[in-house]
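Colleague: What follows is a single structure, and I will ask about it in a moment.
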Amino acid sequence: MTIPLQDLAARLDDAVLNATAIRQLTTDVELTLEEAYAVQRAGVALRAERADCPVGVKLGFTSKAKAAQMGVSDVILGTLTESMQVEDGGTLDCARLIHPRIEPEVAFRLGRDVDPDDPASDPLIATTEVAPAVEVIDSRYRNFTFSLQDVVADNASAAGFALGPWRTLHEVRDDLANTAVVLEIDGHIAETGSTAAILGDPLRALAAVKRLARRHRLALPAGTIILAGAATAAAPLQAGSVIRATVAGLGQVTMRTDKRLG
Ligand code: OOG
Ligand code: MG
């Protein structure tokens, strides 16, 4: 049985819109990694049709803690769209989510275009700003369980993010490679780690983004936000809580959740 990739993207999009988990796509159909990224692109196009346009990209499984938690070891790329962003200190609408989790991250922003096909286009030079971040992931699959192809098709579980104040990369660059990361929920420490968990140094995420963007045909225009990947395992997100991610030497970001989960 062959199912058009467009239909697979629609299944995942319906799961988002109805906040209802579905069975893994690979239960019904075999997918190559290329096809999984094609499903992801088709899903992002469906969001864009609703005027929910890409604002950035995210890496997944850049840390061993995350890879071990999910049983997946390859670094993957997903797309962040406008509606996913919550302002610093703002409230996340949980009712539209299935079984959300949160992760402390480091975010970068491109100050100029990166051409993934041009070997001379250096993502490290193009990156001008960095900020502490918290990411919300929400697998559209039952039990938050998936194969590599399934999670790629599901846009790397992308569901939300908040960013702390931007700093110029130049200013903090030397402090980024191995600095403490703390995730607090309601004032209690939920996860701790180091930025070194992110590919050994979060700046390495920039080359990984370019490599994956080239391979899977994603654009990296100036202004693109890049989430480098979680430094720790993800924690379950509860309704009515205050989440704070702190990256030592960089700053912190706060996100609240409303009273009701979906
Ligand atoms: C996939 C997304 C992984 C990260 O930071 O490693 C990710 C998932 O765990 O559902 O965002
Ligand atoms: Mg993440």
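Colleague: At Arg50 and Ala222, where each label point lies 7 Å from the Cα along Cα→Cβ, what is the point-to-point distance in nanometres?
Modeller: 3.1 nm
Colleague: Taking the Cα centre of segment 1-119 as the origin, how large is its charge dipole in debye, to the nearest 20, when only Lys and Arg (+1) and Asp and Glu (-1) carry charge on their Cβ atoms?
Modeller: 420 debye
Colleague: Here's something else I'd like to know. log₁₀ I(q)/I(0) of segment 1-98 at q = 0.17, 0.21, 0.22 Å⁻¹, via Debye over equal Cα point scatterers, no solvent, to two decimals?
Modeller: For segment 1-98 at q = 0.17, 0.21, 0.22 Å⁻¹, log10 I(q)/I(0) is -0.97, -1.38, -1.43.
Colleague: I'd like the accessible area for Val172, computed on protein heavy atoms only with a 1.4 Å probe and all protein chains in place. Round to 10 Å², please.
Modeller: For Val172, the solvent-accessible surface is approximately 0 Å².
Colleague: Mind checking which of Thr127, Val86, Leu169 is farthest towards the positive end of the chain's charge dipole, using Cβ charges of +1 (Lys, Arg) and -1 (Asp, Glu) about the Cα centre?
Modeller: Result: Val86, furthest along the dipole toward the positive end.
Colleague: Now for a separate question. Determine the relative contact order of the chain: mean sequence separation of Cα pairs under 8 Å and six or more apart, normalised by residue count, in whole percent.
Modeller: Computed over the chain, the figure is 28 percent.
Colleague: Let me ask another. Just check segment 102-223 against the gyration tensor rule for me: Cα atoms, a ≥ b ≥ c as the square roots of the eigenvalues, rounded for a/c under 1.5, and otherwise prolate or oblate depending on whether a/b exceeds b/c.
Modeller: Taking the square roots of the gyration eigenvalues as a ≥ b ≥ c, segment 102-223 is oblate.
Colleague: Can you tell me, using C-alpha contacts under 8 Å and at least 6 residues apart, the relative contact order of segment 43-125 as a whole percent?
Modeller: So the answer I get is 22 percent.
Colleague: Here's another thing I want to ask about it. Once amide H atoms are placed 1.01 Å from N in the peptide plane, what residues at a sequence separation of 5 or more from Lys58, or on another chain, have their amide H within under 5 Å of its amide H?
Modeller: Gly78, Thr79, Leu80, Leu227
Colleague: Using the Cα centre as the reference, give the magnitude of the dipole from point charges on the C-beta atoms of the chain (Lys, Arg: +1; Asp, Glu: -1; all else neutral), rounded to the nearest 20 debye.
Modeller: 260 debye
Colleague: What FRET efficiency comes out for the pair Ala21/Ala207, r = Cβ-Cβ distance, R0 = 45 Å, nearest 0.05?
Modeller: 0.85
Colleague: By what distance, in whole Å, do the Cα atoms of the chain stretch along each of the three principal axes, largest value first?
Modeller: Extents along the principal axes, in whole Å: 54, 48, 34.
Colleague: Report, in deg cm²/dmol and to the nearest 500, the calculated mean residue ellipticity at 222 nm for the chain, where each DSSP H run with n ≥ 4 adds -39500 (n - 2.57) and the sum is divided by the residue count.
Modeller: -7000 deg cm²/dmol
Colleague: Same structure, new question: Using a 1.4 Å probe on the protein heavy atoms, what percent of the accessible area of segment 118-208 belongs to carbon and sulfur?
Modeller: Carbon with sulfur: 51 percent of the solvent-accessible area.
Colleague: Report the net charge of residues surrounding Ala19, where surrounding means a beta-carbon distance below 9 angstrom and charges are Lys +1, Arg +1, Asp -1, Glu -1.
Modeller: With Lys, Arg at +1 and Asp, Glu at -1, the neighbours total 0.
Colleague: Local charge sum around Cys53 (other residues, Cβ-Cβ under 12 Å, Lys/Arg +1, Asp/Glu -1)?
Modeller: Charge balance near Cys53 sits at -1.
Colleague: Could you report segment 1-90's accessible area per residue, 1.4 Å probe, as an integer in Å²?
Modeller: Value returned for segment 1-90: 47 Å² of accessible area per residue.
Colleague: For Thr254, Thr128, Thr27, what's the largest-to-smallest order of accessible area, 1.4 Å probe?
Modeller: Result, largest first: Thr27, Thr128, Thr254.
Colleague: Could I ask something else about it? What figure in square angstrom, to the nearest 10, would you give for the accessible area of Val55 with a 1.4 Å probe?
Modeller: Approximately 40 Å² for this residue.
Colleague: Averaged per residue, what accessible surface does segment 142-260 expose to a 1.4 Å probe, in Å²?
Modeller: Accessible surface, normalised per residue, equals 42 Å².
Colleague: Count the net charge of all other residues whose Cβ sits under 11 Å from the Cβ of Ala177, scoring Lys and Arg as +1 and Asp and Glu as -1.
Modeller: Cβ neighbours under 11 Å give a net charge of -1.
Colleague: Residue by residue through segment 10-22, which ³J(HN,Hα) values in whole Hz follow from phi under the Karplus form 6.51 cos²θ - 1.76 cosθ + 1.60 (θ = phi - 60°), with glycine and proline marked x?
Modeller: 5, 4, 5, 5, 4, 4, 5, 5, 9, 6, 10, 6, 10
The values are calculated or read from the model by the stated rules, or taken from the named source; none is laboratory data. Computed from a prediction, not measured in an experiment: that's the story for all the values here. FYI the Cβ positions are ideal-geometry reconstructions off the backbone, even for glycines, and counts take in every protein chain you see. SASA here: full protein model, heavy atoms, side chains in, ligands and nucleic acids out. Shrake-Rupley method; radii C 1.70, N 1.55, O 1.52, S 1.80 Å.
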